[in-house]
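To start, the structure under review is shown below, and the notes come after it.
No value in this document is a laboratory result; all are computed from the given coordinates. Nothing here was measured: the structure is a model prediction, and the numbers come from that model. When we count neighbours, we look across all protein chains shown, and the Cβ atoms used for this are built from the backbone with ideal geometry, even at glycine.
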């Protein structure tokens with residue numbers, strides 16, 4: 001990652017709106033929050049599958065009927081489609097999901113479905129992502145989920161100016177950190193890192209003299225890679241540069257980021273050398289950039305007990321907007337769940353399976369008709385996966401059943417909750433995050449939608 005891109009990541013900030021509210025509000029009113037301090041010190045990795053991932057990797061329950069009614073042939077396009085014992089797609093990571101299910105480390109909500117969007121006819125990427133990442137259908141003026149969480153934890157004394165890196169982004173800017181009307185204190189702003197822990201916060205000898213001339217390996221060989229945290233940069237000059245940064249920059253994201261530069265440099269240098277335990281057959285795929293990113297996130301949470309939430313996309317695997325030629329979906333999904341399986345093994349090896357959880361979801365699922373371009377169009381039912389966090393999650397395995405809605409019109413095959421089954425609106429995902437961090441009435445923030453029933 002280039003230094004300018006990395007620094008751009010670090011400028012993401014979380015803010016929220018503090019003003020009078022109504023019964024169910026998109027805007028945060030601290031006075032309406034019922035808060036109880038939790039004793040399990042939760043930490044969360046949120047993985048957001050931008051593009052709207054097909055639900056079929058986690059749910060082949062209706063595949064026979066889907067094949068019968070699909071416009072194009074599933075078998076001709078995908079080849080073998082094998083159902084596992086619990087109706088996961090074997091070739092698309094299903095065996096990893098079975099492993100996580102059997103070990104009691106996973107809950108999958110197969111009927112994460114929006115009746116609100118169905119009524120409004122809404123299946124647009126931007127709107128659905130904004131709603132999911134702000135945790136409300138009333139997004140006008142609403143702050144992001146992580147921004148709300150930051151301000152609530154801060155107001156209740158869980159976070160303060162001494163808290164180090166409470167929120168981290170590995171994806172850049174997103175609606176999770178949407179600004180509100182009142183700036184959040186700099187110590188609540190998200191810090192950006194990448195999977196290689198390339199350190200844009202350090203000042204080294206080569207920062208000034210050799211930035212344009214040497215590769216990373218060449219800098220290392222020339223002994224230019226020693227950071228100011230290790231005494232490689234003149235302390236007096238470091239002090240002077242920090243003073244100038246505060247003097248000459250306006251108040252805001254850049255100034256806040258530079259104020260934490262030294263502390264961040266030392267921390268990143270510390271954790272980038274952390275070794276991953278040997279996980280045997282569950283070792284991370286070293287050829288997968290996404291697996292490296294997830295591995296890095298767990299190392300960071302392990303070394304930074306102050307960090308509450310890390311957000312990331314699935315960069316390195318590709319996006320999930322599979323309108324055309326969805327063949328790569330199978331290998332992409334397999335790589336995704338392979339990495340998560342490794343991550344859970346990693347958490348167990350370092351003794352953090354009770355503390356750290358992983359949440360996986362998208363803006364929506366897909367229409368299950370395989371169209372003339374051998375892809376899927378937008379749908380309204382997805383899977384919501386929760387892994388780990390066993391100190392506060394009572395995992396239920398598979399929750400909810402689905403049915404196929406055949407409308408009779410071309411290119412319209414919808415999966416919907418089966419009559420009488422348990423299903424959730426996607427806004428309940430935000431409510432779940434709020435709930436595990438101490439917010440007893442998350443409905444105030446989500447428009448009436450409560451958390452899932454595994455806490």
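Assorted remarks:
- Alpha-carbon gyration tensor eigenvalues x 5, square-rooted, for the range 34-101, Å: 34, 15, 11
- Where labels lie 7 Å past Cα in the beta-carbon direction, separation of residue 306 and residue 116 in nm: 3.4 nm
- FRET efficiency, 1/(1 + (r/R0)^6) with R0 41 Å, evaluated for residue 396 and residue 196 via beta carbons: 0.65
- Whole-angstrom gap from the range 299-323 to the range 370-392, using each part's C-alpha centre: 17 Å
- The slack in the chain from residue 160 to residue 327, taken as 0.36 nm per residue of separation less the alpha-carbon distance, amounts to 55.3 nm.
- Cα gyration tensor, the range 54-197 - rounded (a/c under 1.5), prolate or oblate: prolate
- Spin-label model distance (nm) - residue 75 vs residue 421, 7 Å beyond Cα toward Cβ: 2.5 nm
- Between the range 96-116 and the range 416-455, the alpha-carbon centres lie 15 Å apart.
- Given their separation in residues at 0.36 nm each and the Cα-Cα distance between them, residue 138 and residue 67 gain 21.8 nm when the chain is fully extended.
- Cα gyration tensor category, rounded, prolate or oblate, for the range 72-141 with a/c compared to 1.5: oblate
- Fully extending the segment from residue 38 to residue 350, taken as 0.36 nm per residue of separation minus the present Cα-Cα distance, adds 110.1 nm.
- The Cα-based radius of gyration and maximum Cα-Cα distance (Dmax) for the range 103-171 are 16.2, 46 Å.
- Sorted peptide list for 145-156, 81-92, criterion being average Cβ within 10 angstrom, highest first: 145-156, 81-92
- 4 °C / 1.567 mPa s Stokes-Einstein diffusion coefficient of the range 301-346, Kirkwood radius on C-alpha pairs, µm²/s: 102 µm²/s
- The range 350-455, Cα convex hull volume normalised per residue, Å³: 128 Å³
- Packing-based ranking of 372-378, 418-424 yields 372-378, 418-424, ordered from highest to lowest mean Cβ neighbour count within 10 Å.
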